[in-house]
1. For the structure I just gave you, tell me whether ALA89 is in a strand (DSSP E or B) and closer than 28 Å to LEU219 by Cβ.
2. Tally the residues that are closer than 17 Å to ARG100 by Cβ, touching a Gly at 6+ places or on another chain (Cβ under 8 Å) and of a type in the set (S, T, N, Q), restricting the search to segment 154-211.
3. How many residues, within segment 12-42, are closer than 16 Å to ARG122 by Cβ and of a type in the set (S, T, N, Q)?
4. Checking ASP82 against (1) of a type in the set (D, E, K, R); (2) closer than 26 Å to LYS150 by Cβ; (3) touching a strand residue (DSSP E or B) at 6+ places or on another chain (Cβ under 9 Å), which single condition isn't satisfied?
5. Is there a residue being of a type in the set (A, V, I, L, M, F, W, C), modelled with pLDDT under 90 and under 30 Å from LEU153 (Cα atoms) anywhere in segment 41-60?
6. Run down GLU59, GLU37, GLU68 and say which single residue is surrounded by 15 or more Cβ atoms within 10 Å (Cβ to Cβ), acidic (Asp, Glu) and under 28 Å from LEU130 (Cβ atoms).
7. Restricted to segment 139-161, and to residues that are of a type in the set (S, T, N, Q) and assigned to a helix (DSSP H, G or I), which residue is farthest from the chain's Cα centre (by Cα)?
8. Might you check whether a residue that is of a type in the set (Ser, Thr, Tyr), part of a helix (DSSP H, G or I) and under 18 Å from VAL74 (Cβ atoms) occurs anywhere in segment 97-116?
Amino acid sequence: DELKTRKTPGLEVSVNSNLGMSHSIVEKQIEKLKELENKKEISHIAIYTSLESFGSQAEYARFGLDMELFKKNVRYVLENTDFQLVFMATHNILSIYSYRQMIDYIMELKKEYEGKHDGGQRVLIDSSYLSSPQYISLKFANKNMIERMKENLEYMESKSIQKLGSHGFSDYEIKKYKRIYHYAKTSKVDEESPEVIKVRSDFVTFFNEYDRRKGTSLLETFPELKSYYHYCRLVKLDIDYALDGAEY
C-alpha cells in the first residue's frame, strides 16, 4: 500500500510467501502487485515460496499446509501474472522421499509456463539444507537416505536443460541439490559418538510427541522411515535404561 504513494521506477520487488493462505488473500495481494506493475513503479517482481517435499509428506513436515490449496494458489500466480516464482527448498530427512514428486511438479510448471518471463526461466527451485534441529538434519543421514538422495540427484540431472531444452533444470538448480547431496554423503557419522546417539534419541522423542499433539503418524506418512525409526527407538531405550540404572 505504501508503494502506491511513492515513485519508485526501476524497483525490483521480492515477496516471500508460503502461498498457503486462503485463496482470497492471494488474489487480493496479487492484484495489488499487478496494479503497481501496471503503473511502471516496479520493474521486476518475484514471488518466493517454500516447499521441499510433496503431497502428504509435505503436509506432515509443514503442519497446516493444504497441498491442494497451495497448488491452486501457485497456479493462480502463474496464470494471472508474469511474475517469477521461486521455490525455496530447505532439505532435511523429511524431504528425501517425496522429492522426486517435487521434481516432477516443478518440471510440469516449468514446461507449462515456459517463455512467459523476460528474465530467464520463470519457475525456479533454490535449494539449501536445514542445520537445526539436528535430528532431521542431513548431516546425520544414514546410508539408505543418502542412496535415495543420489537417486533424486540422478533423476534431476536427467531433466536438465541440456537434455530437455529450455524448460529443464538449469545447471544452477542442479548444482545446488548436488552440493546438498555431497554434504550429506561426506558428513562423518560415528554411531557410537555421544552427539549421534543424542540425535537418534531426540528423533524418536520429538516425533512421538509431535504425533501425539498433532494427531498425525510419522510412520504412516513416511513408511520409508520405519527401519530408521525403530533403530532410533532402540538407541533411546538404551539411553533410558542406562539412566534408570544410574538411579540405583
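The values are calculated or read from the model by the stated rules, or taken from the named source; none is laboratory data. This one's a predicted model, so the numbers in the text were calculated from it and none came from an experiment. When we count neighbours, we look across all protein chains shown, and the Cβ atoms used for this are built from the backbone with ideal geometry, even at glycine.
1. Considered against the rule, which asks whether it is in a strand (DSSP E or B) and closer than 28 Å to LEU219 by Cβ, ALA89 comes out as yes.
2. 1
3. Residues that pass the stated criteria total 1.
4. Going through the list (1) of a type in the set (D, E, K, R); (2) closer than 26 Å to LYS150 by Cβ; (3) touching a strand residue (DSSP E or B) at 6+ places or on another chain (Cβ under 9 Å), ASP82 breaks only (2).
5. Checked segment 41-60: at least one residue is of a type in the set (A, V, I, L, M, F, W, C), modelled with pLDDT under 90 and under 30 Å from LEU153 (Cα atoms).
6. GLU59
7. So the residue we want is ASN144.
8. yes
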